[in-house]
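Student: Before anything else, here's the structure in question.
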Amino acid sequence: MIEMKLISKRCGIINPQSIQDFIKHDGFSVLERVIKNPDHQYLSEIEVSRLRGRGGAGFPVATKINAFAKETCDAKYIIMNADEGEPGNFKDKYLMEKDPFGLIEGMVLVAYLTQATHGYIYLRGEYLQARTLLENALDLARKEHYLGKNIRQSSYDFDIEIRMGAGSYVCGEEFALIESIEGKPGRTRVKPPFPTSVGLFGKPTLIQNVETFQTIPFIIDIGGSAYQKIGTKSSTGTKLISLSGNVLHKGVYEVPFGIPIRTVIDELGGGMEHNRKLKMVQLGGACGPIIPDYMLDMIIDFERFEEFDSKTGAGAIIVMDDRFSIFDILIRIVTFFEHESCGKCTPCREGHQQLRIILSRFVRKQAGIEDMIALESLARVMHQTSLCGLGQSSPTAIISTLRYFRDDYIDRLDHLG
Amino acid sequence: MIHEVLSRFPREETYLIEILRAIIDAHPSHVITEAQMKEVASYLNITQSKVSSTVSFYSLLSDTPKGKYVIQVCRDVPCYVSDSTSIVSTLESLLAIKIGQTTYDGLFTLEFVSCLGCCDHAPAMRINSTTYSDLTPTKVKAIIHGLREAKP
Ligand SMILES: Cc1cc2nc3c(=O)[nH]c(=O)nc-3n(C[C@H](O)[C@H](O)[C@H](O)COP(=O)(O)O)c2cc1C
Ligand code: SF4
Ligand code: FES
């Protein structure tokens, strides 16, 4: 079996509206156990597991949680980042719609271990179905005292509120998200200080991805050393993959790290639709690299992805067949980022517009060699000088195609046509 | 309408976006008017320019009126490779408008939107708060026909 359903084991099995059903499938059992035996060093289990964040950047989770746990303040906030908005990603939506109680358990557990005072779910503005299910789950969890005052007869109080975004991709970035919950346009701030010390309303704030919260109860359950045996050395555990594009079976799959990309496409995705020929695959999401067929034996692993000088991304695999040219795709990617740029810094605000103009010359076969050089240097400048992850990672697709699809560029130069 | 909406929220700035969304949802033309922004600003005791800068930042908030049905077609890559362009051209010819325009009767506005998170059921679009996926031109025709029939 290629799939390894550990954190998604309840998805599709239970009724996401029934707390009884959730409890019957081990739901809240880890939280109960932790509250009954509060003395164990649970946070060190997370450290031993070597869990890395599942929202895109792959930052070590224990480092952040430990820093946050040490903060002493009258108010400490935990935020679940459910802003999932990068084209090709839908695995957080899947978890929220299929196992909403599981996410609540994860949040309350982390909150209890770090003594947080209040929680927020920052939910993507378009995810209305997820909102309904999460609201229902929050209500039922409150009724059964898994949330609210004196959680499961302990002296610990914690509650969670939902805040919805309003259609802005950049609000998934930590500081932009904080600004948005504070009721402002989502523009990032200069770091440090980091949110774990000065975050929402100026208080210590821990922000983690949906999938990260879903994973933590599982780690506490089996123990950190058992967890780090799953996956690879640099990337422990499993990853939810959002598989889309021209494959037969699109969807969300949970696999251990270390699986080759080709295996996901062929065995889980069932290969190409209509037996067409694969042309390229974008990894991670819109800000990830685009690679050709011959590279698909590469395994899914944080370290391997860092070779592209990019972040892992949130686990999207977008498959494209040979009816499409890289320029059709790049133009759409750049248009997305141009639209989503918050406008705070020049390289990103002006850069995407310039990228689009240059790329459109390639689309029309009117590009010159100087356009290729300009494209390359502009993409690098944006990568190096943009203020936040949006402008730093958006040129990855261009940089990777200049490397792996150089002939496609040369073909479009007009003096050769 | 606006007072009823405001009364559901505490007078705290952190509810600004939730309030603006609730106003848009209640408005038949999916818009927040100048007068409403003023009311919101005074309710939360913040400046009106703060409210309007928030409205202009977020794409689900708008200060220009739209049609009764706002059709938003996903323009991102997973939908594009599943032939979203034929969905756009079907809609443009059915409604006799281009992307970005509203029909003369004020019934439909046609727009592009970023990924709706339904890439495994591409191509996708949203009409007001309902998402439609696995679209084909035939399916789109039936949906538009249904909405025209539903016209009061
Ligand atoms: C432009 C931009 C958009 C982002 N969008 C998301 C998102 O939708 N969901 C998410 O979890 N992280 C997103 N991130 C990453 C977050 O900033 C942050 O690293 C993450 O929430 C941390 O959680 P994790 O360590 O559990 O992954 C985004 C980052 C950037 C720069
Ligand atoms: S990189 Fe782009 S999104 Fe990020 S702060 Fe600069 S302009 Fe805003
Ligand atoms: S790309 Fe269209 S729904 Fe994701």
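The values are calculated or read from the model by the stated rules, or taken from the named source; none is laboratory data. Predicted model, so just to flag it, every value in this text is computed and none were measured. As a convention, Cβ positions derive from the backbone with ideal geometry for all residues, glycine included, and neighbour counts pool all protein chains shown. The accessibility values were calculated without ligands, DNA or RNA, using every heavy atom of the protein model including side chains. Shrake-Rupley method; radii C 1.70, N 1.55, O 1.52, S 1.80 Å.
Student: Name the residue that is farthest from A:Gln228 (Cα to Cα), counting only residues in segment A:242-263 that are assigned to a strand (DSSP E or B) and hydrophobic (A, V, I, L, M, F, W, C).
Tutor: A:Val247
Student: Among the residues of segment B:61-87, count how many are under 24 Å from A:Arg276 (Cα atoms) and either open to solvent by 20 Å² or more (accessible area, probe 1.4 Å) or outside any strand (DSSP E or B) (or both).
Tutor: Going through segment B:61-87 one residue at a time, the tally reaches 13.
Student: Next up: Quick one: what pairs do we get from segment A:181-200, first residue away from every other protein chain (no Cβ under 14 Å), second within 14 Å of ligand 1 (Cβ to nearest atom) and of a type in the set (S, T, N, Q), C-beta under 7 Å, 6+ apart or different chains?
Tutor: What qualifies is A:Pro195/A:Thr205; A:Thr196/A:Thr205.
Student: Taking only segment A:187-241 into account, find how many residues are part of a helix (DSSP H, G or I), small (Gly, Ala, Ser) and surrounded by fewer than 16 Cβ atoms within 10 Å (Cβ to Cβ).
Tutor: The total comes to 3.
Student: Further, regarding this structure: If you check B:Val51 against the conditions, is it within 10 Å of chain A (Cβ to nearest Cβ), touching a helix residue (DSSP H, G or I) at 6+ places or on another chain (Cβ under 6 Å) and part of a helix (DSSP H, G or I)?
Tutor: Here the answer is yes, as B:Val51 does meet what is asked.
Student: Okay, next question. Output the residues belonging to segment B:21-60 that are among the aliphatic types (A, V, I, L, M) and open to solvent by less than 20 Å² (accessible area, probe 1.4 Å).
Tutor: The answer is B:Ala22, B:Ile23, B:Ile24, B:Val31, B:Ile32, B:Met37, B:Val40, B:Ala41, B:Leu44, B:Val51, B:Val55.
Student: Kindly indicate whether A:Tyr127 is facing chain B (nearest Cβ under 10 Å) and out of contact with any helix residue (DSSP H, G or I) (no Cβ under 8 Å at 6 or more places or on another chain). I'd like the intermediate steps shown before the answer.
Tutor: Numbers: facing chain B (nearest Cβ under 10 Å): yes; out of contact with any helix residue (DSSP H, G or I) (no Cβ under 8 Å at 6 or more places or on another chain): no.
Criteria not met by A:Tyr127.
Student: Answer yes or no as to whether A:Glu338 is under 17 Å from A:Pro87 (Cα atoms), more than 11 Å from chain B (Cβ to nearest Cβ) and either without any contact (Cβ under 8 Å) to a residue 40 or more places away in the chain or over 21 Å from the mean Cα position of the chain (by Cα) (or both).
Tutor: Considered against the rule, which asks whether it is under 17 Å from A:Pro87 (Cα atoms), more than 11 Å from chain B (Cβ to nearest Cβ) and either without any contact (Cβ under 8 Å) to a residue 40 or more places away in the chain or over 21 Å from the mean Cα position of the chain (by Cα) (or both), A:Glu338 comes out as yes.
Student: Checking B:His121 against (1) within 10 Å of another protein chain (Cβ to nearest Cβ); (2) out of contact with any Asp or Glu (no Cβ under 7 Å at 6 or more places or on another chain); (3) at pLDDT 95 or above: exactly one of these is not met. Which one?
Tutor: Every condition holds for B:His121 apart from (2).
Student: Scanning segment A:161-172 for residues that are in contact (Cβ under 8 Å) with a residue 60 or more places away in the chain and either in contact with a helix residue (DSSP H, G or I) (Cβ under 6 Å, 6 or more places away or on another chain) or outside the structural domain of A:Phe194 (by TED's automatic domain parsing) (or both), which turns out farthest from ligand 1 (Cβ to nearest atom)?
Tutor: Taking the candidates together, the pick is A:Gly165.
Student: Are there any pairs, at least 6 apart or on different chains, whose C-beta atoms fall under 7 Å, with the first in segment A:47-62 and assigned by TED's automatic domain parsing to the domain that holds A:Thr196 and the second within 16 Å of ligand 3 (Cβ to nearest atom), and if so, which?
Tutor: Filtered contacts from segment A:47-62: A:Arg54/A:Ala314; A:Gly55/A:Ala314; A:Gly56/A:Gly313; A:Gly56/A:Ala314.
Student: Now for a different question. Among the residues of segment A:349-366, is any open to solvent by less than 10 Å² (accessible area, probe 1.4 Å) and within 25 Å of A:Arg276 (Cβ to Cβ)?
Tutor: yes
Student: Here is a list of conditions, (1) open to solvent by 20 Å² or more (accessible area, probe 1.4 Å); (2) over 23 Å from the mean Cα position of the chain (by Cα); (3) without any contact (Cβ under 8 Å) to a residue 12 or more places away in the chain, and A:Gly148 meets all of them except one; can you say which number that is?
Tutor: Looking at each condition in turn, A:Gly148 falls short on (1).
Student: Mind checking which residues of segment A:278-311 are surrounded by fewer than 16 Cβ atoms within 10 Å (Cβ to Cβ), within 30 Å of A:Val170 (Cα to Cα) and without any contact (Cβ under 8 Å) to a residue 24 or more places away in the chain?
Tutor: Correct list: A:Glu306, A:Glu307.
Student: Identify the residue in segment A:216-235 that is in contact with a strand residue (DSSP E or B) (Cβ under 8 Å, 6 or more places away or on another chain) and within 22 Å of A:Met107 (Cα to Cα) and, among all such residues, is nearest to the other protein chains (Cβ to nearest Cβ).
Tutor: Ranking the qualifying residues of segment A:216-235, first place goes to A:Tyr227.
Student: Listed residues A:Leu330, A:Leu355, A:Leu359; which is away from ligand 2 (no atom under 16 Å from the Cβ), outside any loop (DSSP other than H, G, I, E, B) and under 26 Å from the mean Cα position of the chain (by Cα)?
Tutor: A:Leu330
Student: Against the condition within 16 Å of ligand 1 (Cβ to nearest atom), within 14 Å of chain B (Cβ to nearest Cβ), over 25 Å from B:Thr54 (Cα atoms) and in contact (Cβ under 8 Å) with a residue 40 or more places away in the chain, how does A:Met107 come out, does it pass?
Tutor: It is false that A:Met107 is within 16 Å of ligand 1 (Cβ to nearest atom), within 14 Å of chain B (Cβ to nearest Cβ), over 25 Å from B:Thr54 (Cα atoms) and in contact (Cβ under 8 Å) with a residue 40 or more places away in the chain.
Student: Which of the residues belonging to segment A:251-277 are in contact with a strand residue (DSSP E or B) (Cβ under 7 Å, 6 or more places away or on another chain) and free of Cβ contacts under 8 Å to residues at least 24 places away in the same chain?
Tutor: A:Gly251, A:Gly270
Student: Can you work out which of the residues in segment A:388-417 that are among the basic types (Lys, Arg) and assigned to a helix (DSSP H, G or I) is nearest to A:Cys287 (Cα to Cα)? I'd like the intermediate steps shown before the answer.
Tutor: The first filter runs over segment A:388-417 and keeps only residues among the basic types (Lys, Arg), leaving A:403, A:406, A:412.
When the remaining residues are screened for being assigned to a helix (DSSP H, G or I), the result is A:403, A:406.
On the way: A:Arg403: 16, A:Arg406: 19 Å.
For segment A:388-417, the residue satisfying everything is A:Arg403.
Student: Take the residues in segment A:126-145 that are open to solvent by less than 20 Å² (accessible area, probe 1.4 Å) and more than 18 Å from A:Ser29 (Cα to Cα); name whichever of them is farthest from ligand 2 (Cβ to nearest atom).
Tutor: Looking at the filtered set, the residue picked out is A:Leu133.
Student: Got a sec? Which of B:Ile99, B:Ile127, B:Ile144 is away from ligand 3 (no atom under 16 Å from the Cβ) and under 17 Å from the mean Cα position of the chain (by Cα)?
Tutor: Checking each option against the conditions leaves just B:Ile144.
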